[in-house]
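Working notes for the structure below.
The values are calculated or read from the model by the stated rules, or taken from the named source; none is laboratory data. If you're wondering where the values come from, they're calculated on a predicted model, not measured in any experiment. Here the Cβ is made from the backbone with ideal geometry for all residues, glycine too, and neighbour counts use every protein chain on show. Just so you know, the surface numbers come from the protein's heavy atoms only, side chains and all, with ligands and any DNA or RNA stripped out. Shrake-Rupley method; radii C 1.70, N 1.55, O 1.52, S 1.80 Å.
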Amino acid sequence: MTLLAVDDITVSYGRLTALRGVTLKIAEGEVLFVTGPNGAGKSTLLNAIAGVVPAGSGSITMDGANVTGASPEDIARRGFSLVPEGRNVFGALSIEENLKVGTGMRADRHKIAGDLDSVYAEFPMLADRRHTAAGMLSGGQQQMLVIGRALMTAPRIMAIDEPSLGLAPKIIDQVYEILVRLRAQRKLTLLIVEQSSTRAMMTGGRMILIRGGRIVLEGAAADMIKDERLKQAYFGFG
Ligand code: ATP
């Protein structure tokens, strides 16, 4: 079943057109890996789906409902959770306070304590340090925290913008192991943006390559990684 459908969307920032007619579908439980060079429009795609930036044309459908133009809160309530680039933790707040930040909008408030327990079960490191200020955590730990925080909104789709940015390879592997496990255990649908495609092997699923605001290549991640055109894309293909 298609959980998310993006149909021919265009996004502009003033005179700059960042997305030009992007169309994609994500089925429930699927992983879609979005890659492409700097400035290709990857973050814009996530932000447009999340309702953070408006689509100038085209439509976005979530679970069969047209959500084009809906507010970020409305889209989040429908089960879309965005983990933006840059790991924005509230450094002066504790881990637990960070985890609870986004839960105010939830209608099912009685489930919050249980969800907190399950995030702690997923990330024992966060449980052990629940009263520690988030600013004291390493980059990798902060990435776990923002993923945990996104889980607190009980999402069906999690979109993550550049989870590996600035992390050591071993830590990146840990982050991906968690994402793969979350997908398997919670049937979580994943939309992962990375400038580098090397970790797509760990996720399986499909991959799209964006360049100049357009999808220029798409297919199974395992095939795409071996495709010479993927490498060429960073040097002018498309
Ligand atoms: P990166 O890997 O560098 O984050 P990206 O593929 O995510 O790149 P976007 O951040 O979506 O690309 O940017 C696409 C284009 O839109 C770029 O030319 C960028 O400069 C521009 N852009 C992005 N956000 C804004 C904004 N808020 N205002 C104006 N231009 C923007």
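For segment 5-32, a residue qualifies if it is in a strand (DSSP E or B) and of a type in the set (Asp, Glu), and the qualifying residues are Asp7, Asp8.
Each row is one residue, and each column tells you yes or no for (1) within 16 Å of the ligand (Cβ to nearest atom); (2) over 21 Å from Lys187 (Cα atoms); (3) not acidic (Asp, Glu).
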{"site": "Ala48", "(1), (2), (3)": "yes, yes, yes"}
{"site": "Asp63", "(1), (2), (3)": "no, no, no"}
{"site": "Thr68", "(1), (2), (3)": "no, yes, yes"}
{"site": "Pro72", "(1), (2), (3)": "yes, yes, yes"}
{"site": "Ala76", "(1), (2), (3)": "no, no, yes"}
{"site": "Leu82", "(1), (2), (3)": "yes, no, yes"}
{"site": "Val89", "(1), (2), (3)": "no, yes, yes"}
{"site": "Ile95", "(1), (2), (3)": "no, yes, yes"}
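Hey, among the residues in segment 179-218 that are part of a helix (DSSP H, G or I) and open to solvent by less than 40 Å² (accessible area, probe 1.4 Å), which one's nearest to the ligand (Cβ to nearest atom)?
Kept after step one, since they are part of a helix (DSSP H, G or I), are these residues of segment 179-218: 179-186, 200-203.
With the extra rule that they be open to solvent by less than 40 Å² (accessible area, probe 1.4 Å), the set shrinks to 179, 182, 200, 203.
Numbers: Leu179: 19, Leu182: 23, Ala200: 15, Thr203: 18 Å.
Going through the qualifying residues, I end up with Ala200.
The requirement of being assigned to a strand (DSSP E or B) and among the β-branched types (Val, Ile, Thr) is fulfilled nowhere in segment 167-178; no residue meets it. Going through (1) within 22 Å of Ile178 (Cα to Cα); (2) open to solvent by 50 Å² or more (accessible area, probe 1.4 Å); (3) hydroxyl-bearing (Ser, Thr, Tyr) one by one, Tyr13 falls short only on (1). A single entry from Gly29, Gly39, Gly21 fulfils the requirement of being in contact (Cβ under 8 Å) with a residue 24 or more places away in the chain, small (Gly, Ala, Ser) and within 15 Å of the ligand (Cβ to nearest atom): Gly21. Does Val52 qualify as being open to solvent by 70 Å² or more (accessible area, probe 1.4 Å), hydrophobic (A, V, I, L, M, F, W, C), more than 9 Å from the ligand (Cβ to nearest atom) and over 16 Å from Arg156 (Cα atoms)? In short, yes. Each residue in segment 4-45 was checked for being basic (Lys, Arg) and over 22 Å from Thr61 (Cα atoms), and 1 of them qualify. Scanning segment 73-117 for residues that are acidic (Asp, Glu) and modelled with pLDDT under 85 yields a count of 1. Every condition in (1) within 30 Å of Gly166 (Cα to Cα); (2) surrounded by fewer than 20 Cβ atoms within 10 Å (Cβ to Cβ) is met by Val83 except one, and the failing one is (2). The condition of being over 26 Å from Ala221 (Cβ atoms) and under 14 Å from the mean Cα position of the chain (by Cα) holds for Ala76. Can you tell me which residues in segment 88-100 are open to solvent by 20 Å² or more (accessible area, probe 1.4 Å) and within 18 Å of the chain's Cα centre (by Cα)? Answer for segment 88-100, where residues must be open to solvent by 20 Å² or more (accessible area, probe 1.4 Å) and within 18 Å of the chain's Cα centre (by Cα): Asn88, Val89. Within segment 135-159, residues that are without any contact (Cβ under 8 Å) to a residue 24 or more places away in the chain reach partners that are open to solvent by less than 10 Å² (accessible area, probe 1.4 Å) and assigned to a helix (DSSP H, G or I) with beta carbons closer than 8 Å, at six or more positions or on different chains, in the pairs Gln141/Leu126. Cβ contacts < 7 Å: first residue more than 20 Å from Asp108 (Cβ to Cβ), restricted to segment 71-94; second residue aliphatic (A, V, I, L, M) and exposed (fewer than 15 other Cβ atoms within 10 Å of the Cβ), any location; separation 6+ or different chain. Result? Here the result reads Phe90/Val101, each pair linking segment 71-94 to a residue that is aliphatic (A, V, I, L, M) and exposed (fewer than 15 other Cβ atoms within 10 Å of the Cβ).
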